[in-house]
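Working notes for the structure below.
The values are calculated or read from the model by the stated rules, or taken from the named source; none is laboratory data. Given the structure is predicted, the values throughout are model-derived calculations rather than measurements. Using ideal geometry, Cβ is built from the backbone for each residue, glycine included, and neighbour counts are taken over all protein chains shown.
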Amino acid sequence: MSSNSKIEWTCASWNPVTGCDRVSAGCAHCYAERMARRLQRIGQAKYKNGFKVTLHPDLLDMPLRWKKPRHIFVNSMSDLFHKDVPLDFIRRSFGIMQKADWHTYQILTKRSERMLELADKLPWPPNVWMGVTAESSQQVFRMHHLQSVPAAVRFVSMEPLLGPIGEFPVENIGWIIVGGESGPQARPMEKSWVIEIRNRCHRNNIPFFFKQWGGFNRKETGCLLDGKYYHQMPAYKKSSAELPLGI
């Protein structure tokens, strides 16, 4: 439920909520749903409900037990702003993030409308980064919602990138992650889409993180883009010392 993460842009995952449902094209081959079903089949108690939204209040204090600073992906197996997660539980989650302030928290949602609706009801300590997913130009509206949220870092995950993004807002956007789809039935990602995003990031001094080409792209593999790694991170400082990306 809470462990070291293999995701390149974070260190650990923390899942006080599990389960979700599909809201857009990027959800079609959801890795979290596949994993939840597998864990349910092997009898993992926390996944007895499969991929149905389930709260785990006993895991809320997990970050307090981790004494070394980490970047923590919040709810890698769910969406904190899902309609079935009560506001009180979201507030409690934010309270833990505020209390365990030696960590940096990375929250990612596809439900940007509810995120924006609740933003003024939540504390936004400087160690909380807020992100949205935009798989193609059809989800750019989420980025507009994100621009109004008072997070220290606002970031966008364009993964799986399923189409050209086109013009997208850059003001108040502090980080962009791009990646192709992996796993069974991976869908294609065109190199031109990635180059367009990278160039727009560079023109606007936005850190650009290229995660992977994905399972469909046979000509391009790994995470090299034009022979170069792009693993840029936001320049974030906590107090006088920069919080390290590591455990």
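Restricting the first member to region 166-179 and to residues that are without any contact (Cβ under 8 Å) to a residue 60 or more places away in the chain, and the second to residues that are of a type in the set (Phe, Trp, Tyr), the beta-carbon pairs closer than 6 Å and six or more apart or on different chains are TRP175/PHE155; ILE176/PHE208; VAL178/PHE210.
Residues in region 199-230 that are of a type in the set (Phe, Trp, Tyr), farther than 11 Å from MET189 by Cβ and over 18 Å from the mean Cα position of the chain (by Cα): 1 in all.
Does GLY183 satisfy the condition of being assigned to a loop (DSSP other than H, G, I, E, B) and modelled with pLDDT under 95? Judged against the criteria, GLY183 is a match. Note on region 1-100: no enclosed strands (runs of 3 or more DSSP E) hold 2 or more residues that are aliphatic (A, V, I, L, M), touching a Pro at 6+ places or on another chain (Cβ under 7 Å) and without any contact (Cβ under 8 Å) to a residue 12 or more places away in the chain.
Does at least one position in region 9-24 carry a residue that is surrounded by fewer than 21 Cβ atoms within 10 Å (Cβ to Cβ), under 28 Å from GLY183 (Cβ atoms), touching a helix residue (DSSP H, G or I) at 6+ places or on another chain (Cβ under 7 Å) and of a type outside the set (S, T, N, Q)? No - not one qualifying residue is present in region 9-24. Counting the residues of region 171-185 that are at negative phi and over 19 Å from the mean Cα position of the chain (by Cα) gives 2. The single residue among PHE89, PHE73, PHE81 that is farther than 22 Å from PHE141 by Cβ and under 18 Å from the mean Cα position of the chain (by Cα) turns out to be PHE73.
Looking across region 128-173, the residues that are closer than 25 Å to MET97 by Cβ, small (Gly, Ala, Ser) and surrounded by fewer than 18 Cβ atoms within 10 Å (Cβ to Cβ) come down to SER148, ALA152.
Scan region 118-127 for residues that are in contact (Cβ under 8 Å) with a residue 60 or more places away in the chain and either among the aliphatic types (A, V, I, L, M) or crowded, with 21+ Cβ neighbours inside 10 Å (or both) and report the count. Total meeting the criteria: 1.
Filtered by the rule that a residue be assigned to a loop (DSSP other than H, G, I, E, B), touching a Leu at 6+ places or on another chain (Cβ under 7 Å) and under 20 Å from GLY222 (Cα atoms), region 146-180 gives a lone residue, GLY180. Every condition in (1) surrounded by fewer than 22 Cβ atoms within 10 Å (Cβ to Cβ); (2) at pLDDT 95 or above; (3) over 14 Å from the mean Cα position of the chain (by Cα) is met by MET1 except one, and the failing one is (2). For region 25-55, which positions are closer than 17 Å to VAL74 by Cβ and surrounded by fewer than 13 Cβ atoms within 10 Å (Cβ to Cβ)? Selection gives nothing.
Figure legend. Inter-residue proximity from region 212-233: first residues closer than 20 Å to THR10 by Cα and without any contact (Cβ under 8 Å) to a residue 12 or more places away in the chain, second residues surrounded by 17 or more Cβ atoms within 10 Å (Cβ to Cβ) and of a type in the set (Val, Ile, Thr), beta-carbon distance below 7 Å, spacing 6+ or different chains. No pairs are indicated. Do you know which residues across region 21-46 are in contact with a strand residue (DSSP E or B) (Cβ under 9 Å, 6 or more places away or on another chain) and of a type in the set (Lys, Arg)? LYS46, the sole residue that qualifies.
If you go through region 93-117 and keep only what is surrounded by fewer than 16 Cβ atoms within 10 Å (Cβ to Cβ) and over 23 Å from SER5 (Cα atoms), you end up with GLU113, GLU117.
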